[in-house]
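S.K.: Dumping the structure here so I can ask a few things about it.
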Amino acid sequence: MYVVATPLGNLRDISMRAQDILRAVDVIAAEDTRHSQRLLDAYGIRTRLAALHQHNEQRAAEQLVEWLAAGKHVALISDAGTPAVSDPGAKAVARVRLAGYPVVPLPGPCAAVAALSVSGFAEGGFRFVGFLSPKSGARRAALAALVGDRDALVFYEAPHRVVESVADMLLVFGAERQILVAREMTKMHEEIVRMPLGETTAWFAADSNRERGEFVLIVEGAPELEEMGVEVERVLGLLLAELPVKTAARLAADITGAPRNALYARALALKGSA
Ligand code: SAM
């Protein structure tokens, strides 16, 4: 089974090998067959499509195994980008592997990697978070758990939630942390901007079109410890010896003027290593 990445928007972003494979296999399992038919039509590919989506994935995976057992070659695609990454496909891949058939990647577009490549945040590492919870409480808790992470954080977000999610990021990570907003990549209204989280509210408010389309959000990793300075570390350490993490971070921020979120992250790290 070939797992084939397809374009995020611009149909020209399909590799030549992907075209060859999609043309050569006996059947293509696709998330939305009508959507994928347009891609195949654009390249004159006449291979049969079969539905494999989140509501039938287990059943469809059994069907894939039957086809493979019958000597057929199959490909797996999703609506856009790389299948099985915040998309259906992982269960099918696991099932096909279990049945002993090779699963071959055909690399190509992936929204997360495309956004990372223009962020300038991912020199070190990055953490792929994907979609956050639609519920604010759970979302904030998930973000709070990431506050001290030194890696760039990569999120997928739906247009009707992007403003509230970014507002929660501002709340949890603080106004100084940088964010990259990558909207509608490779499409007509592509817009990619990097700014401090503190500027995001005004940015979205300035033009309602900025809430439209598909989004990848990348938040830069927590600041380096050295950037905080020795004195800040000393104050934080003293307070932390006597007080809970949150209070110690708040007071240390008030005393030193260093960013509260960075201190909170550092305090968590210190507590964790104690
Ligand atoms: N598996 C796909 C991948 O990794 O590229 C992503 C599938 S996921 C269901 C869809 C999400 O990917 C969108 O909600 C958005 O966060 C992101 N995305 C997809 N296409 C995009 C684009 N053209 N511009 C920005 N984000 C995009």
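S.K.: May I ask you to verify whether A222 is of a type in the set (A, V, I, L, M, F, W, C), surrounded by 13 or more Cβ atoms within 10 Å (Cβ to Cβ) and assigned to a loop (DSSP other than H, G, I, E, B)? Before you say what the answer is, go through the steps one by one.
M.R.: Working: of a type in the set (A, V, I, L, M, F, W, C): yes; surrounded by 13 or more Cβ atoms within 10 Å (Cβ to Cβ): yes; assigned to a loop (DSSP other than H, G, I, E, B): yes.
Yes, satisfied.
S.K.: Against the conditions (1) small (G, A, S); (2) within 16 Å of the ligand (Cβ to nearest atom); (3) in a loop (DSSP other than H, G, I, E, B), where does A258 fall short? Just the number, please.
M.R.: So the condition that A258 fails would be (2).
S.K.: Moving on to the next point. State whether one or more residues within the range 206-221 are over 20 Å from L153 (Cα atoms), away from the ligand (no atom under 16 Å from the Cβ) and not hydroxyl-bearing (S, T, Y). Walk me through it before giving the result.
M.R.: Residues of the range 206-221 over 20 Å from L153 (Cα atoms): 206-213.
Narrowing the set further to residues that are away from the ligand (no atom under 16 Å from the Cβ) leaves 206-208.
Then keep just the ones that are not hydroxyl-bearing (S, T, Y); that gives 206-207.
Among the residues of the range 206-221, at least one is over 20 Å from L153 (Cα atoms), away from the ligand (no atom under 16 Å from the Cβ) and not hydroxyl-bearing (S, T, Y), which makes the answer yes.
S.K.: Might you check whether a residue that is more than 16 Å from the ligand (Cβ to nearest atom) and either in the same structural domain as N209 (by TED's automatic domain parsing) or surrounded by fewer than 22 Cβ atoms within 10 Å (Cβ to Cβ) (or both) occurs anywhere in the range 157-167? Working first, answer last.
M.R.: If we filter the range 157-167 for residues that are more than 16 Å from the ligand (Cβ to nearest atom), which is where we start, we get 167.
Then keep just the ones that are either in the same structural domain as N209 (by TED's automatic domain parsing) or surrounded by fewer than 22 Cβ atoms within 10 Å (Cβ to Cβ) (or both); that gives 167.
Looking through the range 157-167, at least one residue is more than 16 Å from the ligand (Cβ to nearest atom) and either in the same structural domain as N209 (by TED's automatic domain parsing) or surrounded by fewer than 22 Cβ atoms within 10 Å (Cβ to Cβ) (or both).
S.K.: Can you tell me how many residues in the range 95-129 are exposed (fewer than 13 other Cβ atoms within 10 Å of the Cβ) and either without any contact (Cβ under 8 Å) to a residue 60 or more places away in the chain or outside the structural domain of H73 (by TED's automatic domain parsing) (or both)? Don't jump to the end; show me each part of the working.
M.R.: Just the residues of the range 95-129 that are exposed (fewer than 13 other Cβ atoms within 10 Å of the Cβ), to begin with: 97-98, 100, 102, 104, 117, 123-125.
Pick out the ones that are also either without any contact (Cβ under 8 Å) to a residue 60 or more places away in the chain or outside the structural domain of H73 (by TED's automatic domain parsing) (or both) and you get 97-98, 100, 117, 123-125.
So the answer is 7.
S.K.: Being on the phi < 0 side of the Ramachandran plot, assigned to a helix (DSSP H, G or I) and touching a residue at least 24 places away in the same chain (Cβ under 8 Å) narrows it down to one residue among A61, A29; which is it? If you could, list the steps in order and put the result at the bottom.
M.R.: On the way: A29 fails: assigned to a helix (DSSP H, G or I).
Only one candidate qualifies: A61.
S.K.: Taking the range 96-115, which residues are in contact with a helix residue (DSSP H, G or I) (Cβ under 8 Å, 6 or more places away or on another chain) and more than 12 Å from the ligand (Cβ to nearest atom)? Show your work before the answer.
M.R.: First pass over the range 96-115, keeping only residues in contact with a helix residue (DSSP H, G or I) (Cβ under 8 Å, 6 or more places away or on another chain): 96, 99, 101, 103, 106, 108.
Correct list: V96, A99, Y101, V103, L106.
S.K.: Given the conditions (1) in contact with a helix residue (DSSP H, G or I) (Cβ under 9 Å, 6 or more places away or on another chain); (2) aliphatic (A, V, I, L, M); (3) away from the ligand (no atom under 16 Å from the Cβ), and given that V230 satisfies all but one, which numbered condition is not satisfied?
M.R.: (1)
S.K.: Step by step: first the residues of the range 66-88, then only those that are buried (at least 19 other Cβ atoms within 10 Å of the Cβ) and closer than 11 Å to Y2 by Cα, then the one that is nearest to the ligand (Cβ to nearest atom). Which residue is that?
M.R.: Residue satisfying both the conditions and the ranking: P83.
S.K.: Would you mind finding the one in V235, V181 that is among the β-branched types (V, I, T), in the same structural domain as L143 (by TED's automatic domain parsing) and either touching a Leu at 6+ places or on another chain (Cβ under 8 Å) or modelled with pLDDT under 95 (or both)?
M.R.: Details: V235 fails: in the same structural domain as L143 (by TED's automatic domain parsing).
Criteria check complete, one pass: V181.
S.K.: Assess whether V93 counts as being within 16 Å of the ligand (Cβ to nearest atom) and closer than 28 Å to M185 by Cβ.
M.R.: Details: within 16 Å of the ligand (Cβ to nearest atom): yes; closer than 28 Å to M185 by Cβ: yes.
Yes, satisfied.
S.K.: Check whether at least one residue in the range 84-99 is of a type outside the set (G, A, S), more than 29 Å from R140 (Cβ to Cβ) and within 16 Å of the chain's Cα centre (by Cα), and report yes or no.
M.R.: Initial filter on the range 84-99 (of a type outside the set (G, A, S)): 85, 87-88, 91, 93, 95-98.
With the extra rule that they be more than 29 Å from R140 (Cβ to Cβ), the set shrinks to 91, 93, 95-98.
So of that shortlist, the ones also within 16 Å of the chain's Cα centre (by Cα) come out as none.
Looking for residues that are of a type outside the set (G, A, S), more than 29 Å from R140 (Cβ to Cβ) and within 16 Å of the chain's Cα centre (by Cα), one finds none in the range 84-99, hence no.
The values are calculated or read from the model by the stated rules, or taken from the named source; none is laboratory data. The structure displayed is predicted, hence computed values, not measured ones. Quick reminder, even Gly has a Cβ in these numbers, built from the backbone with ideal geometry, and neighbours come from all protein chains shown.
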